[in-house]
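The values are calculated or read from the model by the stated rules, or taken from the named source; none is laboratory data. Since the model is a prediction, treat every value here as computed from it, not as a measurement. Here the Cβ positions follow ideal geometry from the backbone for every residue, glycine too, while neighbour counts run over all protein chains shown.
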Amino acid sequence: MNPLAFPNNLLPKDGSVYFFPALFSPEESDRYFDQLRNEVQWKQEPILIFGKPVMQPRLTAWYGDPDKSYRYSGITMHPQHWTPTLLEIKEKVEAVAGYTFTSALLNLYRDGMDSMGWHRDNEKELGENPVIASVSLGAVRTFQFRYAADKALKNSVQLHHGSLLLMQDETQHYWYHRIPKEPRISAPRINITFRNLFSREAR
């Protein structure tokens, strides 16, 4: 695959985020969406918010190398085996990112009422400056950034069907991100965030 030319950094400082609006063709994107919707073992789990269990407002799944369990917000996710579809997507993402990934967190947003709150992907297992490659399939959703030290400093991007958002360098130290609710959206979206997971013992 011939890598796409790198676009401009979406962040004004303290991090690097690059957006590729059409990494996959419409035909590829449609096929991947249908396959993942039907093949992935989706589930809804509670997470801890201020010490209280709350059901996540989306469905999730964790796939990857067999020794790469992932802990966040009070839950532990054990990896399912890579599927041929995920490996095909992963190979194309790695060719652009120039990075090899061990794991993938998948989210199924059933409609615009499903969301993800402000957070940073800064768990120890992800390393010092994690590279996270986020593939979007399905409905267009808004992805927002907010600077940790100044809540007024924000940016956003519309994540299209077949797009890739690449976050790296110090992004997770200084920037929060989220997928807000958008009640007008009735169609589903699948998101795959490829990550490289390290053991806690190795940190």
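Results, tabulated for the structure shown:
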{"read-out": "Residue pairs meeting the criteria (Cβ under 6 Å; at least 6 apart or on separate chains; first farther than 23 Å from Leu59 by Cβ, in region 21-38; second of a type in the set (Ser, Thr, Tyr))", "value": "Pro21/Ser163"}
{"read-out": "Restricting region 61-86 to residues that are out of contact with any strand residue (DSSP E or B) (no Cβ under 8 Å at 6 or more places or on another chain) and surrounded by fewer than 12 Cβ atoms within 10 Å (Cβ to Cβ), the residue that is modelled with the lowest pLDDT", "value": "Asp67"}
{"read-out": "Residues of region 185-202 that turn out to be under 13 Å from the mean Cα position of the chain (by Cα), modelled with pLDDT of 95 or more and of a type outside the set (A, V, I, L, M), as a count", "value": "5"}
{"read-out": "Filtered residue count, region 14-60, keeping only those that are on the phi > 0 side of the Ramachandran plot and surrounded by fewer than 16 Cβ atoms within 10 Å (Cβ to Cβ)", "value": "3"}
{"read-out": "Residues satisfying the stated conditions in region 171-190, i.e. among the β-branched types (Val, Ile, Thr) and either part of a strand (DSSP E or B) or farther than 14 Å from Val17 by Cβ (or both)", "value": "Ile179, Ile185, Ile190"}
{"read-out": "Region 139-155, residues that are touching a Leu at 6+ places or on another chain (Cβ under 9 Å) and assigned to a strand (DSSP E or B)", "value": "Arg141, Thr142, Phe143, Phe145, Arg146, Tyr147, Asn155"}
{"read-out": "Matching entry among Glu182, Glu125 (being under 15 Å from Leu105 (Cα atoms) and more than 13 Å from the chain's Cα centre (by Cα))", "value": "Glu125"}
{"read-out": "Strands (runs of 3 or more DSSP E) contained in region 29-136 and holding at least 1 residues in contact with a helix residue (DSSP H, G or I) (Cβ under 8 Å, 6 or more places away or on another chain) and within 22 Å of Leu164 (Cβ to Cβ)", "value": "59-64, 70-72, 103-109"}
